[in-house]
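Trainee: Here's a structure for you.
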Amino acid sequence: MKVKMLSRNPDNYVRETKFDLQRVPRNYDPALHPFEVPREYVRALNATKLERVFAKPFLASLDGHRDGVNCLAKHPKNLATVLSGACDGEVRIWNLTQRKCIRTIQAHEGFVRGICTRFCGTSFFTVGDDKTVKQWKMDGPGYGEEEEPLHTILGKTVYTGIDHHWKEAVFATCGQQVDIWDEQRTNPICSMTWGFDSISSVKFNPIETFLLGSCASDRNIVLYDMRQATPLKKVILDMRTNTICWNPMEAFIFTAANEDYNLYTFDMRALDTPVMVHMDHVSAVLDVDYSPTGKEFVSASFDKSIRIFPIDKSRSREVYHTKRMQHVICVKWTSDSKYIMCGSDEMNIRLWKANASEKLGVLTSREKAAKDYNQKLKEKFQHHPHIKRIARHRHLPKSIYSQIQEQRIMKEARRRKEMNRIKHSKPGSVPVVSEKKKHVVAVVK
Amino acid sequence: MSANQVVESLLALSQQEELVDLPKDYLLSESEDEGDGDGERKHQKLLEAISSLDGKNRRKSAERSEASLKVSEFNVSSEGSGEKLVLADLLEPVKTSSSLATVKKQLNRVKSKKTVELPLNKEEIERIHREVAFNKTSQVLSKWDPIVLKNRQAEQLVFPLEKEEPVIAPIEHVLSSWKARTPLEQEIFNLLHKNKQPVTDPLLTPVEKASLHAMSLEEAKMRRAELQRARALQSYYEAKARREKKIKSKKYHKLVKKGKAKKALKEFEQLRKANPAAALEELEKIEKARMMERMSLKHQNSGKWAKSKAIMAKYDLEARQAMQEQLAKNKELTQKLQVASESEEEEGGAEEVEELLVPDAVNEVQMNVNGPNPWMLRSCTSDTKEAAAEEDPEQLPEPVAHEVSESEGEERPEAEDDTLLREFEERRSLRKRSELNQDAEPAGSQETKDSSSQEVLSELRALSQKLKENHQSRKQKASSEGTVPQVQREEPAPEEEEPLLLQRPERVQTLEELEKEECFQNKELSRPVLEGHWSEKIPNNHPDAPKEKKKEEEMIDLQNLLTTQSLSVKSLAVPTIEMLEDEVERNQRQMIKEAFAGDDVIRDFLKEKREAAEASKPKDVDLTLPGWGEWGGVGLKPSAKKRRRFLIKAPEGPPRKDKNLPNVIINEKRNIHAAAHQVRVLPYPFTHHRQFERTIQTPIGFTWNTQRAFQKLTTPKVITKPGHIIKPIKAEDVGYRSSSRSDISVIQRNPKRVTTRHKKQLKKNSAD
């Protein structure tokens, strides 16, 4: 007699070793998993809420300076090392992992105006109010040695900023004019001027390294070519630009931090219209720095907050502030694009997460998958009103909040007036100027 | 000293005078120049007076040291300084003396030369420098455009960008310590050595290595791009050829062939002019081709295709034409080349041969067609004309006809493309008309179908013969008239075509009538052509008119309340001349009506509204359970009493908002609670709401997707590695070659720009 039995192939369900995962057969028939949109919507809503719950960006405050922090610099080779210069002429080198100051130098008398590291990370340069440029070794002096600069260059005028070339032993200072220095010489190899106002900052282009940008107090931004030793073009804005920063991934893009509360991203080939106007600050923007991925930048403002902007959005995605943080003077995005540092008036350097709700440390694969999935869900449903509201909600200090309201009213009034003017005058006689073009006064060739 | 005193006093006086003068000037407010001139004159007078005081002592200085017209020892007058000194002025006195010829020449030479322009000022120069530098820099930067664009659009970016290449020790290093021991290994190594293959160090032959280094990445890319382009071009060409090959239109192919032939002919002409020897060769080739063609049976009627066509030719017009063409070709090929001693008999013989070659059936059909078919007729008649002209030249002693026929033959190929198109049009219209006629009189068509017997054929043949004769006679007439222009002769041809065609199915027309008509037309050529057309059209329209009316009535039945109002049909019982104009209008209206025939907007709207109201009404709930308290099963229904008991009537909902608004539907379905969660405006990157909905509706979660798909769907846009420094993008990272020269070396080669101010500073510094 033949007996029929159910049989299964053991290959389909037996594990090879006991460490293998159990095979879980799944049926993807859509009929068995209904309501996919509502379910994903709820998941997205939860993810957004959780993001806000876990948004705790503040990591540490580095205190030790005895005056406001005026400038910051990253170490090019070491993620944990940060340098800062204060308004009393003191330079401190910090270790971020230990959150400790590892070295203190009384570098200048008066302000330390600028600080920059050499591309190899062995030394750094400072300029101060005492009209000197000093080069220092990154490592501290040996036992019994004096803390002394490697080189000191005594200038005639005050230097207000310094930046080092990205590949070669060349640095640039600014003040009355932009000077290009060879490290080995005591006089500049080339100096460029255009106009007579003092220049507040100079920055080398990180990709096309012979390009420089500077901004002066007569409201202009000037671009220079180091190799041809000539200025290239000048754009005059409504108000003074405090500093500029080049995009490290897009050679011709830079962002200018302006006194009129806005930031302007320019394509240096077409200076007559900024690519994007970023507005959210309610006071002068003092510093700006790009994320090393070139997708976002952070700005520090006089309104006691820092904001993070995506490069293609005119509104910020994030705002950081604490009760004790005063006017933020300088800001830097760390080289691994994970953290943000800001130095402020009240002598502290603060360390923030670039992504407020990110979990630090090593993630398991499941955590990673969940994180990615949640991120995608948030992106997918970002336009839905409830999710948008929750994702955009930020608590702001009262001063900033009221300022925003006030400025919104002012802006609305201005807009209404303009509309009325257009409405009640001959068609075409009052031109409609776009927001982008409104702030550019002139481009000088 | 006395003289000095006098001078002093006088000077004082003159000053006073001037002082007096000044206010006067102001008062008069005359031009200042005049006033100045006045003052100056006075001054001059004064000076003269002074010099006259002691005329003996003073002598005038003869030397002229200033470039002014008036020379005075006291001051330099500014008068005349505004005038420009022209070289011609200086040359004037020179002209008189001939001794200064060389100087004159030199001066003339100088005069002919132009002055060098002033150099630009420093700011201008700087501006130009800046502009040039900016353009250069922009060009350098624009190489980054594609990379930036790519990175912006990238699905995923992984930072840091530069890949850390895994360190792998080359195999030759690994192998260096290893030696062949076993006999097999040794044998293999021996073989390798024999063939000069590298064994251990290095693994690549020198040739291979060279080839590896031969091309840089950029070159290789360029080469690849070139190859790709060439391949693409080839594929385009092939596709084009294929496409052209696929075109079924014979006409098209014929035109193409003709064009090619024409081109070849032109080229041959050119070649003949440029290189007679080559042209001769070419000619031989052509001749050979012709001979081959002639030898082949392609254009005989013996081929399979020809036979099939011959069968088809009875029914198919195209086949008939193809047959004819083939025959023509055959004739052309079989014709002997023009030799000087060409006799009539030979020609006649050729004709006979041709006659023999053509199968009877085709000939019959040809005849059949030729009789009533006007567009066939034209070609046929021209042929026959030629034939007639060749056969009996004595019949037509006048050379005019010859010339005419020849010229016709020459003209035809040139205007053929146009005429072909025209023929198409004509044929289409004629076909339509003939169809109409057939509709109108089916009996007649029936008759024609029946009359495909031999008798009819013979009749037709006779008819065509007559026609030929007719033509000839007409030609004779024309030639006898002598001055009758060619145009006139050509005109009646299309005219006679139409009546022939129109009346073909009826077969009422007899030969006599035909002749009559032709005579009639020949007589009254001056009569406007339109009249004839018109007279034909009206009777044609008569039978059609009631039909049209019928159609319209049908349409009216279909029309509904919307369209009935605008409809106004004129009775067509009595056709008038105005009818023609009316017809155009009516046709247009008809067309519009037909276009919007299906749209009954009001009814649709009302229906829609009713449906909406129906849908929004609350439904009754039937809670009846069959089989409870009674028998249940197939075909059994719960009792009415029970149903009534368990039917819960829905309460009457609130009245619809659009109840009293006849032209409005207010949608009451919108749920406010759900609306709070819905997206109101189409978000930016999407262009259509359906696109957005689709992205929302595709789930990305693991519940709905396989593991692989889930991973793919949820990959983050930017990935950074913790603890890795992300450096700015470099030219080498993206495959560009970075500039070999360093920036600093470039500067040091042109160290021009240390400002003077800075130099001074440096000097001071060094002094300190």
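The values are calculated or read from the model by the stated rules, or taken from the named source; none is laboratory data. On a predicted model such as this, the values are computed, not experimentally measured, just so you know. Counting neighbours? That spans all protein chains shown, and the Cβs are built from the backbone with ideal geometry, glycine included. These accessible areas exclude ligands, DNA and RNA; they are computed on the full protein's heavy atoms, side chains included. Shrake-Rupley method; radii C 1.70, N 1.55, O 1.52, S 1.80 Å.
Trainee: Which FRET efficiency, nearest 0.05, do residue B:158 and residue B:315 yield, Cβ-Cβ r, R0 51 Å?
Mentor: So, using R0 = 51 Å, E works out to roughly 0.10.
Trainee: Which entries of A:295/A:368; A:295/A:380; B:245/B:314; A:233/A:417 have Cα-Cα distances beyond 31 Å here?
Mentor: Violating the 31 Å limit, Cα to Cα: A:233/A:417.
Trainee: May I pose another question? Give me the one-decimal nm value for the distance between modelled label points at residue B:256 and residue B:225, 7 Å along each residue's Cα-to-Cβ direction.
Mentor: Rounded to a tenth, the inter-label distance reads 3.4 nm.
Trainee: Moving to a separate point now. In Å and on Cα atoms, what radius of gyration and Dmax does the range A:119-186 show?
Mentor: 12.4, 40
Trainee: Largest first, how would A:108, A:33 line up by accessible area (1.4 Å probe)?
Mentor: Details: A:108 5, A:33 30 Å².
The ordering from most to least exposed comes out as A:33, A:108.
Trainee: OK, next. May I ask you to evaluate 6.51 cos²θ - 1.76 cosθ + 1.60, the Karplus curve with θ = phi - 60°, for each residue of the range A:315-326 and list the ³J(HN,Hα) values in order in whole Hz, giving x for glycine and proline?
Mentor: 10, 6, 9, 8, 9, 10, 7, 9, 4, 8, 6, 9
Trainee: Compare A:217, A:335, A:365 in a GNM of chain A, Cα atoms joined below 10 Å, and give the one with the largest fluctuation.
Mentor: The residue that fluctuates most here is A:365.
Trainee: Summarise the partner chain shielding of A:157-170 as one whole number: the mean count of Cβ atoms from other chains within 10 Å of each residue's Cβ.
Mentor: 2
Trainee: Only residues of the range A:100-126 count here: report those whose backbone N is under 12 Å from the spot 7 Å along Cα→Cβ of residue A:135, or say none.
Mentor: A:118-120, A:122-126
Trainee: What full-extension length gain, to one decimal in nm, is calculated for residue B:49 and residue B:118 as 0.36 nm per residue of separation minus the Cα-Cα distance?
Mentor: Result: 20.2 nm gained on full extension.
Trainee: Moving on. At R0 = 60 Å, how high is the FRET efficiency between residue A:26 and residue B:235 if r is their beta carbon distance? Nearest 0.05 is fine. Could the numbers behind the result be given before it?
Mentor: Numbers: r = 45 Å, r/R0 = 0.75.
Plugging the Cβ-Cβ distance into 1/(1 + (r/R0)^6) gives 0.85.
Trainee: Residue A:35 to residue A:390: FRET efficiency via 1/(1 + (r/R0)^6), r the Cβ-Cβ distance, R0 35 Å, to the nearest 0.05?
Mentor: About 0.95, to the nearest 0.05.
Trainee: Please give the contour-minus-distance gain from residue B:292 to residue B:245: 0.36 nm per residue of separation, less the Cα-Cα distance, rounded to one decimal in nm.
Mentor: Values: separation 47, 0.36 × 47 = 16.92 nm, distance 2.48 nm.
Additional length available on full extension: 14.4 nm.
Trainee: A 32 angstrom limit on the alpha carbon distance is what I want to check against. Which of B:266/B:331; B:240/B:298; A:77/A:131; A:134/A:438 exceed it? Could you put the intermediate results ahead of the total?
Mentor: Numbers: B:266/B:331 25 Å; B:240/B:298 28 Å; A:77/A:131 29 Å; A:134/A:438 41 Å.
Beyond 32 Å: A:134/A:438.
Trainee: Whole Å is fine, so just give me how far the alpha carbon centre of the range A:64-141 lies from that of the range A:142-180.
Mentor: Between the Cα centre of the range A:64-141 and that of the range A:142-180, the gap is 12 Å.
Trainee: Could I ask something else about it? With a ≥ b ≥ c taken as the square roots of the eigenvalues of the C-alpha gyration tensor of the range A:46-157, please select rounded if a/c is under 1.5 and otherwise prolate if a/b is larger than b/c or oblate if it is not?
Mentor: prolate
Trainee: ³J(HN,Hα) across the range A:279-289 via Karplus (A = 6.51, B = -1.76, C = 1.60, θ = phi - 60°), whole Hz, x for Gly/Pro?
Mentor: Those phi angles translate into 9, 6, 5, 10, 8, 4, 8, 9, 8, 9, 8 Hz.
Trainee: How big is D, in µm² s⁻¹, for the range A:185-273 by Stokes-Einstein at 4 °C and 1.567 mPa s if Rh is the Kirkwood radius over C-alpha pairs?
Mentor: On the way: Rh = 13.2 Å.
The calculation lands on 98 µm²/s.
Trainee: Moving to a separate point now. Residues of B:119-130, mean number of Cβ from any other protein chain within 10 Å of their own Cβ, rounded to a whole number?
Mentor: Across B:119-130, the average partner-chain Cβ count within 10 Å equals 2.
Trainee: Please compute how much accessible surface disappears when A pairs with B, both sides summed, using a 1.4 Å probe, and round it to the nearest 100 Å².
Mentor: Rounded to the nearest hundred, the buried surface is 6700 Å².
Trainee: Please report the base-10 log of the normalised intensity I(q)/I(0) for the range A:356-445, using a Debye sum with one equal scatterer per alpha carbon and no solvent, at each q in 0.20 (1/Å).
Mentor: Values, matching the q order: -1.06.
Trainee: If you count, for every residue in A:288-298, the Cβ atoms of partner chains within 10 Å of its Cβ, what is the mean? Could the numbers behind the result be given before it?
Mentor: Values: counts 0, 0, 1, 4, 9, 10, 9, 6, 1, 0, 0.
Mean partner shielding for this stretch: 4.
Trainee: What spacing in nm lies between the two simple spin-label points modelled at residue B:612 and residue A:104, each 7 Å away from Cα in the Cβ direction?
Mentor: 7.8
Trainee: First check a/c for the range B:572-663, with a ≥ b ≥ c the square roots of the eigenvalues of its C-alpha gyration tensor; if it is under 1.5, answer rounded, and if not, answer prolate when a/b is larger than b/c or oblate otherwise. All intermediate terms of the calculation are to be shown ahead of the outcome.
Mentor: Details: a/c = 6.33, a/b = 2.73, b/c = 2.31.
Since a/c reaches 1.5 and a/b is larger than b/c, the shape of the range B:572-663 is classed as prolate.
Trainee: Right, here's the next one. Answer rounded, prolate or oblate for chain A, using the Cα gyration tensor with square roots of eigenvalues a ≥ b ≥ c: rounded when a/c is under 1.5, else prolate when a/b is larger than b/c, else oblate. Walk me through the intermediate numbers first.
Mentor: Values: a/c = 2.19, a/b = 1.41, b/c = 1.55.
In terms of gyration-tensor shape, oblate.
Trainee: At what distance in nm do the modelled label points of residue A:120 and residue B:304 sit from each other, each positioned 7 Å from its Cα along Cα→Cβ?
Mentor: Calculated label separation equals 8.7 nm.
Trainee: On to the next question. Work out from phi, with θ = phi - 60° and the Karplus expression 6.51 cos²θ - 1.76 cosθ + 1.60, the ³J(HN,Hα) of each residue of the range B:230-238, listed in order in whole Hz, and give x for Gly and Pro.
Mentor: My calculation for the range B:230-238 gives 4, 4, 4, 4, 4, 5, 4, 4, 4 Hz in order.
Trainee: Would you tally the net charge around residue A:32, using a Cβ to Cβ cut-off of less than 14 Å, leaving residue A:32 out, and scoring K and R as +1, D and E as -1?
Mentor: 0
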